[in-house]
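Here the structure comes first, spelled out in structure tokens, and everything after it is commentary.
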Amino acid sequence: MRNGYILIDGNNMAYRALHAYDIEMKTSTGIPTSVIYGVLSQLSYVRGAYQGFMPLIAWDAGYTERTRISKEAQSKWLVPSAYKENRHDPAFDGAKMIFNDQVPKVQELISYTNIPQIRLNGEEADDVIASYCRKLTATGKKILCFTGDHDYYQLISDNVIIIARNRGVDTLTTKEKFVEKHGIQPYQWVDVGALEGDTGDNIFGVPGIGTSTAAKLVLEHGDYEGVIEYCASTIKPLRLEYPDLQTQEAVDALIATKADKKTNAYERCYVGMPYTGVAMAVEEGKLKRVKKTPLYIAMYQDVVRVAYVLKKMRDELPVPELVPFDRYDAAKFSAVCDKYELNEIRTQIDRFVDLSDDPA
């Protein structure tokens, strides 16, 4: 009897392999292999450690919907740049080229094994996995998500466990462990992310808000909208006396009040942004008892709403049924292993390429 399912974020595994192994690793003919070697080594471990769990590897194939949402927000001056636009940094181009070159080779190798993999055009792996979690929950079996991406915490439930492997140790985050650590329910994790933002994905949150502060506020007020409502209510009467700034010159003056600070809480302010007039009054010393955290959350409330949509995994994608896979091609797999000189770990690899004896 199969124990359940193990859903693997392929891109996350590949990125970790890129940095965990020597980026200069190459074959004798000069083909880079750090990602190929790293992913196959990790898959070998996963198949051995979690026998009886049916695997699936999901790969990123774009992020069309999040790009659309973030660009719409950018056109309204809510955010300065679009989703993942920070990933175009020339400083990372070398590593990115190595990564992009090796991922198709990894996918080809896996295609000759009995481990199924999926790419949905325009969709990210986490949304695909979220959709499988929703679909497979009805089976009543355990679902393991193998990834180091903390966004997956929002998927945790009685049946869904997140596994992160770091420095050779697996950390299993169950619902009970998550609640014990963070105080909130897993489904509220996305509310925390909306307030905090995510520099890795170029998602903008509230300046100065970290995980612990955001979690405490969500615990107290239920969700991000409850947090916004509470924060705005504490200073709402002041908005009549100090209206929102309506000219670029006035906004620039507000930004300049923090120009000498390492982190300028006002650098992303825009004309018509709520509570900017109150913020200027605070900086000018006209208001002395206004707390900064509620003020900033009230100011950046529309940014938080955008962040929530970007952080929330889309679990309604039409993913196909996950069924036992029977596509092991020993000859082709062996030929590709030879091409990339993977003989060193072939013994490990042999543990997962043929799953004919895997429990049904």
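The values are calculated or read from the model by the stated rules, or taken from the named source; none is laboratory data. A quick note: this is a predicted structure, and the numbers were derived from the prediction, not measured. A quick note on method: Cβ atoms are made from the backbone with ideal geometry, for glycine too, and the neighbour counts reach across all protein chains shown.
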TODO: Hey, can you tell me all the residues within the range 233-252 that are within 23 Å of Gln74 (Cα to Cα) and touching a helix residue (DSSP H, G or I) at 6+ places or on another chain (Cβ under 7 Å)?
DONE: Asp244, Leu245, Val251
TODO: Search the range 193-244 for residues being polar (S, T, N, Q) and under 20 Å from Val290 (Cβ atoms), and hand back the single one that is surrounded by the most Cβ atoms within 10 Å (Cβ to Cβ).
DONE: Thr213
Open item on the list: From the list Lys312, Lys262, Lys292, exactly one residue is surrounded by 17 or more Cβ atoms within 10 Å (Cβ to Cβ) and under 22 Å from Ile203 (Cβ atoms). Which is it?
Closed with: Lys312
Open item on the list: Tell me yes or no: at least one residue of the range 196-213 is closer than 27 Å to Leu144 by Cα, touching an Asp or Glu at 6+ places or on another chain (Cβ under 7 Å) and outside any helix (DSSP H, G or I).
Closed with: no
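Answer with yes or no whether Glu65 is out of contact with any strand residue (DSSP E or B) (no Cβ under 8 Å at 6 or more places or on another chain) and without any contact (Cβ under 8 Å) to a residue 12 or more places away in the chain.
Numbers: out of contact with any strand residue (DSSP E or B) (no Cβ under 8 Å at 6 or more places or on another chain): yes; without any contact (Cβ under 8 Å) to a residue 12 or more places away in the chain: no.
No, not satisfied.
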Task: Search result, residues across the range 309-322 that are touching a residue at least 40 places away in the same chain (Cβ under 8 Å) and out of contact with any Leu (no Cβ under 9 Å at 6 or more places or on another chain) - done: Val309, Leu310, Lys311, Lys312, Arg314, Glu316, Pro320
Task: Close pairs (6 angstrom Cβ cut-off, 6 or more residues apart or separate chains): assigned by TED's automatic domain parsing to the domain that holds Tyr21 in the range 165-186, surrounded by 14 or more Cβ atoms within 10 Å (Cβ to Cβ) and in a strand (DSSP E or B) anywhere - done: Asp170/Ile163; Thr171/Ala164; Leu172/Ile161; Leu172/Ile163; Thr173/Ile162; Thr174/Ile161
Task: Odd one out for Ser111 among (1) without any contact (Cβ under 8 Å) to a residue 40 or more places away in the chain; (2) surrounded by fewer than 18 Cβ atoms within 10 Å (Cβ to Cβ) - done: (1)
Open item on the list: With the requirement that a residue be surrounded by fewer than 18 Cβ atoms within 10 Å (Cβ to Cβ), farther than 22 Å from Tyr328 by Cβ and in contact (Cβ under 8 Å) with a residue 24 or more places away in the chain, what does the range 99-108 give you?
Closed with: Asp101
Open item on the list: Among (1) touching a residue at least 24 places away in the same chain (Cβ under 8 Å); (2) within 30 Å of Lys292 (Cα to Cα), there is one condition Ile156 misses while meeting the rest; what is its number?
Closed with: (2)
- [ ] Name the residue, out of Gly140, Gly148, that is within 19 Å of Trp189 (Cα to Cα), small (Gly, Ala, Ser) and modelled with pLDDT under 95.
- [x] Gly148
TODO: Starting from the range 131-146, keep only residues that are of a type in the set (Ser, Thr, Tyr), then list their pairs with residues that are at pLDDT below 95 whose Cβ atoms are within a distance under 7 Å, requiring at least 6 positions of separation or different chains.
DONE: Tyr132/Leu322
TODO: State whether one or more residues within the range 123-142 are among the basic types (Lys, Arg) and touching a strand residue (DSSP E or B) at 6+ places or on another chain (Cβ under 6 Å).
DONE: yes
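Given the residues Gly122, Gly148, which is the only one that is under 17 Å from the mean Cα position of the chain (by Cα), farther than 23 Å from Thr33 by Cα and surrounded by fewer than 19 Cβ atoms within 10 Å (Cβ to Cβ)? So that I can check it myself, show each step before the final result.
Numbers: Gly148 fails: farther than 23 Å from Thr33 by Cα.
Of Gly122, Gly148, the one residue that is under 17 Å from the mean Cα position of the chain (by Cα), farther than 23 Å from Thr33 by Cα and surrounded by fewer than 19 Cβ atoms within 10 Å (Cβ to Cβ) is Gly122.
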Open item on the list: For a quick check of your reading of the model, give me the residue pairs whose first member lies in the range 1-26 and is more than 15 Å from Phe99 (Cα to Cα), whose second is of a type in the set (D, E, K, R) and in a strand (DSSP E or B), with beta-carbon atoms closer than 7 Å and at least 6 apart or on different chains.
Closed with: Asn3/Lys142; Gly4/Lys142
Open item on the list: Condition first: modelled with pLDDT of 95 or more, closer than 19 Å to Thr257 by Cα, in a loop (DSSP other than H, G, I, E, B) and not acidic (Asp, Glu). Can you find one or more residues in the range 296-303 that meet it?
Closed with: yes
Open item on the list: On the basis of being within 22 Å of the chain's Cα centre (by Cα), assigned to a helix (DSSP H, G or I) and charged (D, E, K, R), does Lys216 make the cut?
Closed with: yes
Task: Number of positions in the range 179-192 that are surrounded by 19 or more Cβ atoms within 10 Å (Cβ to Cβ) and either within 17 Å of the chain's Cα centre (by Cα) or assigned to a helix (DSSP H, G or I) (or both) - done: 7
- [ ] Sort out which residues of the range 22-79 are in contact with a Gly (Cβ under 8 Å, 6 or more places away or on another chain), part of a helix (DSSP H, G or I) and surrounded by fewer than 17 Cβ atoms within 10 Å (Cβ to Cβ), and write them in order of number.
- [x] Thr64, Glu65
